[in-house]
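A.B. asks: Once you've had a glance at the structure underneath, I'll fire off some questions.
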Amino acid sequence: MADRSLVHVAFYAALISALGLVPPVAIAFLGGVPITAQTLGVMLAGVMLGPIRGALAVLLFLFLVALGLPFLSGGRGGLGVFMGPSVGFLIGWPVGALVAGWIMQSTREMNILAAAAISAAVGGILVVYAIGIPGVAIMAGLSLPKAALGSSVFIPGDLVKVALTAVIVQTVARGLPGAVLSRS
């Protein structure tokens, strides 16, 4: 991997970490799975970097969390977070970034704002929820429908993150088109 790609991967891992400074809002009936700003970083990593680099950025972030660095929202870190109810969402993050990046690459002919919104919504919401909801159900001892219903509280915030991702990507593309690596 080229030096520049390593810097991009490290930068987006750091961005996801920085978004962890926004205080979480724990959802008690989902076993404490929090609403965080970090999924914005996951969406941006996939949409901006493309599938491989985006997924690698998220995997680097999760590796640092597993080592014990308190990078998850609320200052959480260590292997214990991978044994809690949010483990499905954490596992879904790199897959979501991969899918978002792949969709962004596949929609090169589409308007960048629309492509970024679709990519972030499918990768950052649909894919992450498809992995996260069963994780919550298993780890919190809930039925799948109850876990899905409980997870619906995340949707309004995630839709705001999709809109932010699309606007950020469009703005960056206007000023520095080469920075949207999924389109290069």
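A.B. asks: So, counting K/R as plus one and D/E as minus one, what does the shell of residues with Cβ under 10 Å around Ile112 add up to?
C.D. replies: Net charge around Ile112: +3.
A.B. asks: Sticking with this structure for a sec: Say we join alpha carbon atoms closer than 10 Å with springs in a Gaussian network model of the chain; which of Gly150, Gly96, Gly124 then has the biggest fluctuation?
C.D. replies: Most flexible of the set in this elastic network: Gly150.
A.B. asks: For the stretch 3-182, with all protein chains present and a 1.4 Å probe, just round the carbon and sulfur fraction of the accessible area to a whole percent.
C.D. replies: Roughly 76 percent of what the probe reaches on the stretch 3-182 is carbon or sulfur.
A.B. asks: Along the stretch 94-104, what does the Karplus equation 6.51 cos²θ - 1.76 cosθ + 1.60 (θ = phi - 60°) give for ³J(HN,Hα), rounded to whole Hz, x for Gly and Pro?
C.D. replies: x, 5, x, 5, 4, 5, 4, x, 5, 5, 4
A.B. asks: Given the convex hull of the Cα atoms of the chain, what is a quarter of its surface area in nm²? Don't skip to the answer; put the middle values down first.
C.D. replies: Working: hull surface 38.2 nm².
The Cα convex hull of the chain, projected and averaged over all directions, gives 9.5 nm².
A.B. asks: Counting Lys and Arg as +1 and Asp and Glu as -1, what is the net charge of the other residues whose Cβ lies under 14 Å from the Cβ of Pro177?
C.D. replies: Neighbour charge sum, excluding Pro177 itself: +3.
A.B. asks: Tabulate in residue order the Karplus-calculated ³J(HN,Hα) for the stretch 35-42, using 6.51 cos²θ - 1.76 cosθ + 1.60 with θ = phi - 60°, rounded to whole Hz; enter x for Gly and Pro.
C.D. replies: 7, 10, 8, 5, 5, 4, x, 5
A.B. asks: Check which residues have an amide H placed less than 5 Å from Ile35's amide H, if you skip close sequence neighbours.
C.D. replies: Under 5 Å from the amide H of Ile35 lie the amide H atoms of Val25, Ala26, Ile27, each far enough along the sequence or on another chain.
The values are calculated or read from the model by the stated rules, or taken from the named source; none is laboratory data. For clarity, every value in this text was computed on a predicted model and none was experimentally measured. Because the Cβ atoms are built from the backbone with ideal geometry, glycine has one as well, and the counts that use them run over all protein chains shown. For accessibility, only protein heavy atoms count, side chains too; no ligands or nucleic acids. Shrake-Rupley method; radii C 1.70, N 1.55, O 1.52, S 1.80 Å.
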